[in-house]
Amino acid sequence: MRGIRLSLQHPDALIVQLRALVRAAALGPVKIMLPMVTVPEELAAASRVLDQAVAEVAASGAAAPRPPLGIMVEVPAAALAIDLFDADFFSIGSNDLTQYMTAAGRDNAAVAGLADPLNRAVLRLVERIVADCGAMRREVSLCGDVGGDPAVIPHLLRAGLRSVSVPPAALGRTKAAIAAVDLGRPCGGGSE
């Protein structure tokens, strides 16, 4: 019970958070990303609460722009039916998506080795998500540990990803890894 599931169980807390984000959006760019979304109804419910937050802030006399509302794509059910989600943008949550695709928790040493972001099924799903988002003309990015992993970056780029988020400490090596990728050559042995 976490992410959007928890938020929708506590709408009084969710509306306070969304009102604050609406107020912040009047001062600069804000995007709202919902975690752990599994079914379109969760996004629709959160969207209705966001509409309510916008209306309440506007009723107070303050500027109330509606920030773009997106989802983390970290649950295979959402990833495989992404076209059913009316989100403004998508971000692939690589850590959880890999864990759920491989049925292997990173925090369980007995199976952690199976939680491999280079697992072919995981990479195929990333490729499908990127293609589906492209067909919908929606922004897609990736967050999580693999976005800054030089061994995984070539695979992500070949899957069509063009936006990753990384911690500041990984920025230099991530830029270098991206610059070294030759998209005309397949991943595999040898240097990129």
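The values are calculated or read from the model by the stated rules, or taken from the named source; none is laboratory data. These numbers were taken from a predicted model, which means no experiment stands behind them. Cβ sites come from the backbone with ideal geometry, for glycine too, and all protein chains shown count toward neighbours.
See the values below:
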| read-out | value |
| --- | --- |
| Residue list for region 125-139, restricted to those being among the acidic types (Asp, Glu) and either surrounded by fewer than 19 Cβ atoms within 10 Å (Cβ to Cβ) or under 13 Å from the mean Cα position of the chain (by Cα) (or both) | Glu127, Glu139 |
| Test: residue in region 140-152 that is surrounded by 13 or more Cβ atoms within 10 Å (Cβ to Cβ) and on the phi > 0 side of the Ramachandran plot | yes |
| Qualifying position, being in the same structural domain as Ala131 (by TED's automatic domain parsing) and assigned to a helix (DSSP H, G or I), among Ala58, Ala46, Ala77, Ala53 | Ala77 |
| Residues (in contact with a helix residue (DSSP H, G or I) (Cβ under 8 Å, 6 or more places away or on another chain) and part of a helix (DSSP H, G or I)) located in region 1-16 | Ile4, Arg5, Ser7, Leu8, Pro11, Ala13, Leu14, Ile15 |
| Unmet criterion (only one of (1) in a helix (DSSP H, G or I); (2) under 29 Å from Leu80 (Cα atoms); (3) hydrophobic (A, V, I, L, M, F, W, C)) for Ala24 | (2) |
| Among residues of region 27-43, those that are surrounded by fewer than 17 Cβ atoms within 10 Å (Cβ to Cβ) and assigned to a loop (DSSP other than H, G, I, E, B), counted | 6 |
| Checklist (1) surrounded by fewer than 16 Cβ atoms within 10 Å (Cβ to Cβ); (2) of a type outside the set (Gly, Ala, Ser); (3) modelled with pLDDT of 95 or more; (4) over 20 Å from Val152 (Cα atoms) applied to Leu118, failing item | (4) |
| Some residue of region 46-62 being touching a residue at least 40 places away in the same chain (Cβ under 8 Å), under 25 Å from Asn119 (Cβ atoms) and in contact with a Ser or Thr (Cβ under 9 Å, 6 or more places away or on another chain) | no |
| So Gly190, is it modelled with pLDDT under 95 and outside the structural domain of Ala46 (by TED's automatic domain parsing) | yes |
| Hey, Ala25 over 29 Å from Asp132 (Cβ atoms), among the hydrophobic types (A, V, I, L, M, F, W, C) and outside the structural domain of Arg138 (by TED's automatic domain parsing) or not | no |
| Residue within region 143-160 that is charged (D, E, K, R), outside any strand (DSSP E or B), assigned by TED's automatic domain parsing to the domain that holds Phe90 and closer than 14 Å to Phe90 by Cα present | no |
| Hey, Gly113 out of contact with any helix residue (DSSP H, G or I) (no Cβ under 7 Å at 6 or more places or on another chain), part of a helix (DSSP H, G or I) and over 20 Å from Arg138 (Cβ atoms) or not | yes |
| Residue in region 55-68 that is surrounded by the fewest Cβ atoms within 10 Å (Cβ to Cβ), counting only those that are in contact with a helix residue (DSSP H, G or I) (Cβ under 6 Å, 6 or more places away or on another chain) and among the hydrophobic types (A, V, I, L, M, F, W, C) | Ala64 |
| Test set (1) buried (at least 17 other Cβ atoms within 10 Å of the Cβ); (2) under 30 Å from Glu42 (Cα atoms); (3) of a type outside the set (Asp, Glu) - Thr174 fails condition number | (2) |
